[in-house]
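Comments concern the structure below.
The values are calculated or read from the model by the stated rules, or taken from the named source; none is laboratory data. Note that the structure is a prediction, hence the values are computed from the model and not measured. All Cβ positions, glycine included, derive from the backbone under ideal geometry; neighbour counts span all protein chains shown.
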Amino acid sequence: MKIDMPTVRAMVDARIEFAVSLPTIHGGFTTAVKAEDIPRYVEDRMQYAADFFGVSKDTYLEWLDCYGYRRCSAFNAKGKQCGNYIAGGGREIEEWLAVEGDYCPVHGGDDSETARIKLGRRRW
């Protein structure tokens, strides 16, 4: 899709602002976009979103694909990775990146209540 940048600039001069919706694990995140970034967003919105969140496109797509859940990093005697999720549920991308390498409760990781408290998600 070709973007008519003179028209976009005229819209900016008329004080029209632009917003885009970036896919997240909770549906979407709406943010303002500069006029000069519109062609980049239209060309590859997933790359634009990855850049916005400060990660590679592959990392961003992996986070979306697993809905923010992380698998346990432990391996069994046969060399297969544990299939359990670490406690705490789906995480925003910053939290998800921070818990890479963590373990499920079976392998010494936090239980669900401790994980919720650390994330500031108390039940009550």
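Numbers for the structure displayed
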{"quantity": "Total residues in region 36-63, condition buried (at least 16 other Cβ atoms within 10 Å of the Cβ) and either of a type in the set (D, E, K, R) or in contact with a strand residue (DSSP E or B) (Cβ under 7 Å, 6 or more places away or on another chain) (or both)", "calculated": "5"}
{"quantity": "Evaluation of Gly28 against (1) surrounded by 14 or more Cβ atoms within 10 Å (Cβ to Cβ); (2) outside the structural domain of Gly101 (by TED's automatic domain parsing) (one fails), failing number", "calculated": "(1)"}
{"quantity": "Matching entry among Arg91, Arg123, Arg71, Arg116 (being on the phi < 0 side of the Ramachandran plot, among the basic types (Lys, Arg) and either out of contact with any Lys or Arg (no Cβ under 9 Å at 6 or more places or on another chain) or at pLDDT 95 or above (or both))", "calculated": "Arg71"}
{"quantity": "Contacts under 6 angstrom Cβ, first residue in region 1-22 being closer than 25 Å to Gly54 by Cα and free of Cβ contacts under 8 Å to residues at least 24 places away in the same chain, partner surrounded by 14 or more Cβ atoms within 10 Å (Cβ to Cβ) and of a type outside the set (Lys, Arg), 6 or more apart", "calculated": "Phe18/Val33"}
{"quantity": "Positions within region 1-27 being farther than 30 Å from Arg70 by Cβ and of a type in the set (S, T, N, Q), in sequence order", "calculated": "Thr7"}
{"quantity": "Residue ID - nearest to the chain's Cα centre (by Cα), chosen from residues in region 62-112 that are aromatic (Phe, Trp, Tyr) and assigned to a helix (DSSP H, G or I)", "calculated": "Trp63"}
